[in-house]
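In what follows, a single structure is set out as structure tokens and then discussed.
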């Protein structure tokens, strides 16, 4: 019985490390290395006013079959429209951002047409 309990605890412990990482981080430089911000959930479609950021690290959440969209707005910090839609699969990579970008939001589907 003791061996079974130990084995179960070990398996449960490994399972806890398999949790998905849905948190992207914005950075000041173009290489995802300087002044990383607080992680933002890529499944939350709320508006992010991150003007002046140089890059965003997209996590590897293990869901490579799904398409997500980073909606980018140049003109204001309130995500009023889409200047650029960037489709991606969350595979763990650094995305360079444009200095004219003012706000962002993530959506859990492919991007629509630009509408600004």
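The values are calculated or read from the model by the stated rules, or taken from the named source; none is laboratory data. Remember, it's a predicted structure, so these values are computed and weren't measured experimentally. Note: ideal-geometry Cβ built from the backbone for every residue, glycine included; neighbour counts use all protein chains shown.
Per this entry, residue 78 is not counted among residues that are closer than 13 Å to residue 27 by Cα and exposed (fewer than 14 other Cβ atoms within 10 Å of the Cβ).
Determine whether the stretch 35-53 contains at least one residue that is crowded, with 17+ Cβ neighbours inside 10 Å, in contact (Cβ under 8 Å) with a residue 12 or more places away in the chain and at positive phi. Checked the stretch 35-53: no residue is crowded, with 17+ Cβ neighbours inside 10 Å, in contact (Cβ under 8 Å) with a residue 12 or more places away in the chain and at positive phi. Screening the stretch 37-71 for residues that are farther than 15 Å from residue 104 by Cβ and in a loop (DSSP other than H, G, I, E, B) and picking the one that is nearest to the chain's Cα centre (by Cα) gives 61. Selection over the stretch 6-32 of residues that are more than 21 Å from residue 72 (Cα to Cα) and at pLDDT 90 or above gives a count of 1. Give the number of residues within the stretch 78-110 that are in a loop (DSSP other than H, G, I, E, B), modelled with pLDDT of 95 or more and farther than 18 Å from residue 41 by Cβ. Final tally of qualifying residues: 10. Among the conditions (1) surrounded by 12 or more Cβ atoms within 10 Å (Cβ to Cβ); (2) touching a residue at least 12 places away in the same chain (Cβ under 8 Å); (3) in contact with a strand residue (DSSP E or B) (Cβ under 9 Å, 6 or more places away or on another chain), residue 66 misses just one, which is (3).
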